[in-house]
Amino acid sequence: MLTPYTTTLTDEAQRRGIRVRLIHDDPDLPIFDLSRGGRTVRCFNALTDLVGAATFHLVNNKRACHAWLAQRRIPVPSQLAFDDARLDDALAFLRSHAPVVVKPCMQWGGRGVSMGVRTPAELRAAVRFARRYETDVVLEETVPGEDLRVILAGGELAAAIRRSPACVTGDGTRTVRQLIARRNAERRKSDPSNLIPWNAETRRNLAALGRSPDDIPAAGERVRVRLTNNYHTGGTVEVVTDAVPARALKIAQRIARELALPLVGVDFLIDRAARRLTVIEVSPDLAISPPEGETVAMRFLDHLFPDAGT
């Protein structure tokens, strides 16, 4: 029942002779111990007890992490905490930065995120959507660029992935809505965490991209259907470890070092033409899964149990 986010790590651990003891085998709450040579590390997927509790709360909270990064002059997008009692501030932020991103403060995988928010009406709808997941909501400016996650294990580069938005490919017969349904049916068999949500946000994204759910794309035409790049909203992932800019790696290593994170994913938006990069998220509990997962699991276990065979 366990998902690849757990088994990618536990399978590699067992291959190395590291004992795996499941404490809780619910795939939504996978807690297990890794043990070898008198050393035991408790894990929740890739999050370990080696991450301090206060540090985890700092990084997991988008407002707190944003403030921590900004204090260190690490480039971040402009951000505002949404406050019902200070709606004028939110509207002013919207006027200055539209289109904006609206998202819950402590969620993951694109849950509750609205992109391309431009009008007060869209803002109200986006806040309602985010609050399906939690009450604390933030607004951020939209930063252009390539979505690149730099993954470090023990402070060293383990992998990097480029994340791209969900797309479908036309066949000249089916509508966009039908193509999404067909694509989801295929993905559900192999990875149900990579489905394209069919909800109001996807329909709004299609409209922003100049598409209708009833459009019939030409055969072979590739159609973007989401503004978000998240894998959990149907996006795609490409391993690009050799393409990490030196400055991005340096910033990621600084973050890992100062926060004492044994494993971390630092998410950048990189505008290579303008030579500008922005940190949009720091993930100490990132999912270790294909296509980069096996490499990350190996590097992480090298760090946790350096005496274990590879």
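Contact map, the stretch 225-243: residues that are more than 16 Å from Ile280 (Cβ to Cβ) paired with residues that are in a loop (DSSP other than H, G, I, E, B) and of a type in the set (D, E, K, R), Cβ distance under 7 Å, separation 6+ or inter-chain. Pairs shown: Gly234/Arg226; Val239/Glu292.
Report yes if Trp68 is under 18 Å from Asp267 (Cβ atoms) and out of contact with any helix residue (DSSP H, G or I) (no Cβ under 7 Å at 6 or more places or on another chain), otherwise no. Against the criterion (under 18 Å from Asp267 (Cβ atoms) and out of contact with any helix residue (DSSP H, G or I) (no Cβ under 7 Å at 6 or more places or on another chain)), Trp68 does not qualify. In the stretch 68-86, of all residues being of a type outside the set (Asp, Glu), exposed (fewer than 14 other Cβ atoms within 10 Å of the Cβ) and without any contact (Cβ under 8 Å) to a residue 24 or more places away in the chain, the one that is farthest from Arg131 (Cα to Cα) corresponds to Arg73.
Would you point out the residue of the stretch 119-146, among those that are under 16 Å from Ser78 (Cβ atoms) and assigned to a loop (DSSP other than H, G, I, E, B), that is most open to solvent (accessible area, probe 1.4 Å)? Full working, then the answer.
So in the stretch 119-146, the residues under 16 Å from Ser78 (Cβ atoms) come out as 123, 137-145.
With the extra rule that they be assigned to a loop (DSSP other than H, G, I, E, B), the set shrinks to 142-145.
Details: Thr142: 56, Val143: 20, Pro144: 72, Gly145: 43 Å².
Looking at the filtered set, the residue picked out is Pro144.
Within the stretch 90-99, is even one residue touching an Asp or Glu at 6+ places or on another chain (Cβ under 6 Å) and part of a helix (DSSP H, G or I)?
yes
Looking across Thr10, Thr3, Thr48, one residue alone is surrounded by 14 or more Cβ atoms within 10 Å (Cβ to Cβ) and out of contact with any strand residue (DSSP E or B) (no Cβ under 9 Å at 6 or more places or on another chain). It is Thr3.
When the stretch 235-283 is filtered for residues that are more than 30 Å from Asn184 (Cα to Cα) and part of a strand (DSSP E or B), the ones remaining, listed by number, are Leu263, Asp271, Arg276, Leu277, Thr278, Val279. Cβ-Cβ distances below 9 Å connect no pair with a first residue in the stretch 8-33 that is more than 17 Å from Leu301 (Cα to Cα) and touching a residue at least 24 places away in the same chain (Cβ under 8 Å), a second residue that is assigned to a loop (DSSP other than H, G, I, E, B) and open to solvent by less than 20 Å² (accessible area, probe 1.4 Å), and a separation of six or more residues or different chains.
Only one residue in Ala243, Ala287 is under 20 Å from the mean Cα position of the chain (by Cα), buried (at least 19 other Cβ atoms within 10 Å of the Cβ) and at pLDDT below 95, so which one is that?
Details: Ala243 fails: buried (at least 19 other Cβ atoms within 10 Å of the Cβ).
Of the residues listed, the single one that is under 20 Å from the mean Cα position of the chain (by Cα), buried (at least 19 other Cβ atoms within 10 Å of the Cβ) and at pLDDT below 95 is Ala287.
A single entry from Leu286, Leu249, Leu261, Leu277 fulfils the requirement of being in contact with a Ser or Thr (Cβ under 9 Å, 6 or more places away or on another chain) and in contact (Cβ under 8 Å) with a residue 60 or more places away in the chain: Leu261.
Given the options Arg226, Arg204, name the one that is within 23 Å of Val101 (Cα to Cα) and surrounded by 21 or more Cβ atoms within 10 Å (Cβ to Cβ). Steps first, please.
Values: Arg204 fails: surrounded by 21 or more Cβ atoms within 10 Å (Cβ to Cβ).
On inspection, the qualifying residue turns out to be Arg226.
The values are calculated or read from the model by the stated rules, or taken from the named source; none is laboratory data. Given the structure is predicted, the values throughout are model-derived calculations rather than measurements. Cβ sites come from the backbone with ideal geometry, for glycine too, and all protein chains shown count toward neighbours. When the accessible area is computed, the model is the full protein with side chains, heavy atoms only, and any ligands, DNA or RNA have been set aside. Shrake-Rupley method; radii C 1.70, N 1.55, O 1.52, S 1.80 Å.
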